[in-house]
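Peer 1: Have a look at this one.
Every read-out reported here was derived from the displayed coordinates using simple, explicitly stated rules and does not represent laboratory data. Everything quoted here is computed from the prediction, not taken from an experiment. No Cβ is skipped: glycine too gets one built from the backbone with ideal geometry, and neighbour counts run over all protein chains shown.
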Amino acid sequence: MTTANSNTPTPVIAIHGGAGTITRAAMDAGKEAEYTAALRAVLEAGQRLLASGASAVDAVTEAVRLLEECPLFNAGKGAVLTHAGTYELDAAVMDGATRQAGAVACVKRLRNPVLAARAVMERSEHVLFAGEGAEAFAQAQGLELVEPGYYFTEARHAQWQRARATSGMALLDHDAAALAARGSEEGDPGRKRGSDPIDPDRKFGTVGAVALDSRGRLAAATSTGGVTNKQVGRVGDTPIIGAGCYADDVVAVSTTGTGEMFIRAVAAYDIAARMRYAGATLAGASDAVVHECLPAIGGRGGLVAIDAAGNVVLPFNTEGMYRGHARVGDQVHVAIYRQPA
Ligand code: ASP
C-alpha cells in the first residue's frame, strides 16, 4: 500500500494491465521494457491531466483509452479472441462523486469501448448496453467504429490457437464450477503450463484505472477483450458495476482476473462495503477480497484501488500484475512481478 501524506489529498492515478502468471523468468528483457514504457506513458498522461485540474472521470477514461490503443494489453487493439475467432469487448466507467455509471458488453466494432461506456453514463438514461444496440448507440454519439480486423495482433492469434489446440471442444462446456475447480489447483506446482483452457498463458490482460482528483472525487474505469477462447456471448466482470468496476465517495476499484469469480464475489463493491459498513481500511478490505474471498471460490487476479484519502493499493493473488501509480508532483511507479528486482 502507498499512503497519502496530508489532509488535502494530492491527486493520484493507479492503473493495471492485467494479472496472471507473469514471472521474471518467463519475460524477455525487450518485452519487459515495452510493458514498462507503456504503463509509464499512460501514468504520465493521467498525472498530467490530474495536475491540470482534470476530473477523476476524465483521467481514468483517458488512461483506459490509451491502454485500449496499446496492442500489448487485452483491451481494444490487442483484444483476445473468442472460441469462434471473433472479438467481443466489454468496458465500464463509474463516477464516484455522482455514482453515475455506464458500461458496454459484447461490442465488436468499437475502437474504444471505454468511450462508449462513458457516453452511456453521460448521454443515456441507462447503465449497460450490449451488442449491436451498444454499437448503434455509440455510433449515434459520434464514436469511431472499426472493422474486426482492427483488433488483430499476431500474439493474441497465436495464443488463441494454442488455447484451441490444448482444450479442443471441451472449452465450449466450461462453466463457473469448472473455472473454480481449475482455480483451486493453483497451488499445484507441477501443474502443466497450457493446461488451462481459458488462457494458456495464464494471463488476464484486462486494463483499468482509478483516480482521485484535486476536488477529492474518485472514479474507476475498466476495459477488456475478456478471456481467451471464451464462448461467444460470454460476459465477464468488467462491465458489471460492482464486480469489475466501482466508485463511490469512499473508494474507486478496477479489477482484473477470472471474471466469473469476481462477479460472484461482487469483488469491487465488497471492498467499498467493507470500508463503509465495517470501517475496514483500504488495505484491509482489498486484502480480504483478493487474498481470502476470491481464492475461496477459485478466483485469480488482482485490482487497483484508491480511497478518498488518496491511499493506493495494487494487490493481486497471481504471480504478477502489470500495474503502477502516480501522484501529481511525484515520480511514477511501475511494477510487474510480485518480488521487486
Ligand atoms: N476479468 C476479465 C474477464 O473475465 C478478464 C481479465 O481480467 O483479463 O473478462
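Peer 1: Lys/Arg Cβ at +1, Asp/Glu Cβ at -1, dipole of the chain taken about the Cα centre: which of THR153, ALA19, GLN339 is farthest positive-ward?
Peer 2: Positive-end residue among those listed: GLN339.
Peer 1: From the phi of every residue in the range 282-288, what ³J(HN,Hα) in whole Hz does the Karplus formula 6.51 cos²θ - 1.76 cosθ + 1.60 yield, where θ is phi - 60° and glycine or proline is x?
Peer 2: Those phi angles translate into 4, 5, x, 5, 6, 5, 4 Hz.
Peer 1: Which one of LEU67, ALA33, GLY298 is farthest out on the positive end of the charge dipole of the chain, using unit charges on Cβ (Lys, Arg +1; Asp, Glu -1) and the Cα centre as origin?
Peer 2: Farthest towards the positive end: ALA33.
Peer 1: Starting from the eigenvalues of the Cα gyration tensor, five times each then square-rooted, give me the equivalent ellipsoid semi-axes of the range 201-255, largest first, whole Å. Could you put the intermediate results ahead of the total?
Peer 2: Numbers: eigenvalues 138, 25, 10 Å².
The equivalent ellipsoid of the range 201-255 has semi-axes of 26, 11, 7 Å.
Peer 1: Evaluate the relative contact order of the chain (contact order divided by residue number), counting alpha-carbon pairs under 8 angstrom at least 6 apart; express in whole percent. Mind dumping the intermediate values first?
Peer 2: Values: 909 pairs, mean separation 94.8, N = 341.
With pairs under 8 Å counted, the relative contact order is 28 percent.
Peer 1: May I ask you to derive the relative contact order of the range 1-107, considering only C-alpha pairs under 8 Å and at least 6 residues apart, and to give it as an integer percent? Mind showing how you got there, number by number?
Peer 2: Working: 94 pairs, mean separation 18.9, N = 107.
Answer for the range 1-107 is 18 percent.
Peer 1: Starting from 0.36 nm per residue, how many nanometres of slack lie between THR281 and ALA140 once their C-alpha separation is accounted for?
Peer 2: Details: separation 141, 0.36 × 141 = 50.76 nm, distance 4.25 nm.
That works out to 46.5 nm of additional length.
Peer 1: How big is the dipole moment of the range 1-139 about its Cα centre under a simple scheme where the beta carbon of each Lys and Arg is +1, that of each Asp and Glu is -1, and everything else is neutral? Debye, nearest 20, please.
Peer 2: Dipole magnitude for the range 1-139 comes out near 120 debye.
Peer 1: Mind counting lysine pairs for me in the chain? Cα separation below 23 Å, and the two need to be 8 or more apart along the chain or on different chains.
Peer 2: So the count works out to 10.
Peer 1: Based on the Cα coordinates of the chain, what is the per residue volume of their convex hull in Å³? The partial results should precede the final answer.
Peer 2: Working: hull volume 40.8 nm³, N = 341.
Measuring per residue, one finds 120 Å³ for the Cα hull of the chain.
Peer 1: I would also like to ask the following. Applying a 10 Å radius around every beta-carbon, put 314-326, 210-222, 250-262, 23-35 in order of their mean neighbour count, most first. Write out the running numbers ahead of the final one.
Peer 2: Values: 314-326: 24.5, 210-222: 27.7, 250-262: 30.1, 23-35: 12.1.
Highest to lowest by the protection proxy: 250-262, 210-222, 314-326, 23-35.
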